[in-house]
Amino acid sequence: MGTQWQLAHGRHLDLGDRAIVMGILNVTPDSFSDGGRFVEPSAAVDQARRMVAEGAGIIDVGGESTRPGAEPVSATEEQDRVLPVIEALAKDAAALISIDTYREATARLAVKAGAHIVNDVWGVQRETGVAGVAAETGAGLVIMHTGRERQKLPDVIADQLLFLNRSLEIARGAGVKDAQIVLDPGFGFAKDADENLDLMARFDELRRFGYPLMAATSRKRFIGHVNGRDAADRDVGTAATSVILRMKGAQLFRVHNVAINVDALSFADAMLARHTTRGE
């Protein structure tokens, strides 16, 4: 049974029988695996079009690296990077657009420029006004878990419940509707390799929240911990995690390499369809 994810500008996305791939578009000079490749708006738009052609349903545009130790940028610099790209993609109308930001001002301007989704890596707890933007505009809201800048609980699922329930309180208090919300457990964000693998193994426990779930494992360090590959060579490992997490209940997948994940997820979807047909 499917779910409709309500988005800005009167749009929605059907989540159900088919995994949805969100292509990562970093318009930054310092992101961990593709920094500097798509800083120019024309290069960014070309890359977005390639990802759409490969099967991406959403393009996630980010103007500030979230890798550990990255230098922060000002809101103005972030906006100067992302807004021209979002405006150009909105004219294309080829895919839904997500803005990867934790700043209220950037989120507001991005949705005005044509973004349909706000993807907040601080789970609306860094700038709670992000939730207000989603409530006012009807934008889809991805609420991500992070362990940064706080004391975590030792159990990975207990910590998910602690953090995400607080985020959900903020979102609901601001007037965000349940149909707008997707949760992301934040693989790699202040989590070591064992914690990430434990989170993968227990991912289906997150279904208790009752919201659609997004997995964003792409090229993360824990994949290299398992297969020994450098960041640029972790796409096969990423696809393996995508299949595992799809079978455990994830519906959206934020990735760098769209094509390989679309192909891998098509087999996971085929297996899930057979389970459904057989009543398993």
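The values are calculated or read from the model by the stated rules, or taken from the named source; none is laboratory data. Remember, predicted model here, so these are calculated numbers, not experimental data. Virtual Cβ from ideal backbone geometry, glycine too; neighbours counted across all protein chains shown. The protein model used for the area step is the full one, side chains on, heavy atoms only, and it has no ligands, DNA or RNA in it. Shrake-Rupley method; radii C 1.70, N 1.55, O 1.52, S 1.80 Å.
Couplings 3J(HN,Hα) of segment 187-193, computed from phi: 3, x, 8, 6, 9, 7, 4 Hz, in residue order, whole Hz [Karplus 6.51 cos²θ - 1.76 cosθ + 1.60, θ = phi - 60°; x for Gly and Pro].
Note on surface exposure: L83, L164, L153 rank L153, L83, L164 by accessible area, highest first, 1.4 Å probe. Remark: relative contact order (segment 138-211) = 46 percent; criterion is Cα-Cα distance under 8 angstrom and separation of 6 or more residues. Its residue count N fixes a reference of 2.2 N^0.38 Å for the chain, and the Cα radius of gyration divided by that reference is 0.92.
Please report the antiparallel percentage of DSSP beta bridges with both residues in segment 1-152, rounded to the nearest 5. The antiparallel fraction comes to roughly 20 percent. In the chain, the DSSP beta bridges split such that about 10 percent are antiparallel, to the nearest 5. Note on segment 186-253: with neighbouring protein chains present and a 1.4 Å probe, carbon and sulfur make up 48 percent of its accessible heavy-atom surface.
Only protein heavy atoms count here; under a 1.4 Å probe, E71 has an accessible surface of about 130 Å². Packing here is the average count of other Cβ atoms within 10 Å per residue, and on that basis the peptides 173-184, 197-208, highest first, run 173-184, 197-208.
Legend: translational diffusion of segment 209-280 by Stokes-Einstein, Rh = Kirkwood radius over C-alpha pairs, 37 °C, 0.692 mPa s; D = 257 µm²/s. Annotated for the chain: lysine pairs at least 8 residues apart or interchain, Cα distance under 26 Å, count 9. Taking the helices alone, the chain has a mean residue ellipticity at 222 nm of -13500 deg cm²/dmol, built from -39,500 (n - 2.57) per DSSP H run of at least 4 residues and averaged over all its residues.
Solvent-accessible surface of protein heavy atoms, probed at 1.4 angstrom with all chains present, puts F163, F267 in the order F267, F163, largest first.
Calculation over all alpha carbon pairs of segment 153-214 in 5 angstrom steps from 0 returns a P(r) of 4, 17, 29, 25, 14, 8, 3, 0 percent.
Its Cα gyration tensor gives segment 1-159 an equivalent ellipsoid. The semi-axes, each the square root of 5 times an eigenvalue, are 23, 21, 16 Å from largest down.
Computed over segment 198-262, relative contact order equals 41 percent, with contacts defined as Cα pairs under 8 Å that lie 6+ residues apart. In percent, what relative contact order does the chain have, based on Cα pairs under 8 Å that are 6 or more apart in sequence? Contact order relative to length: 19 percent. Surface exposure of segment 211-280, expressed per residue as accessible area with a 1.4 Å probe, stands at 48 Å².
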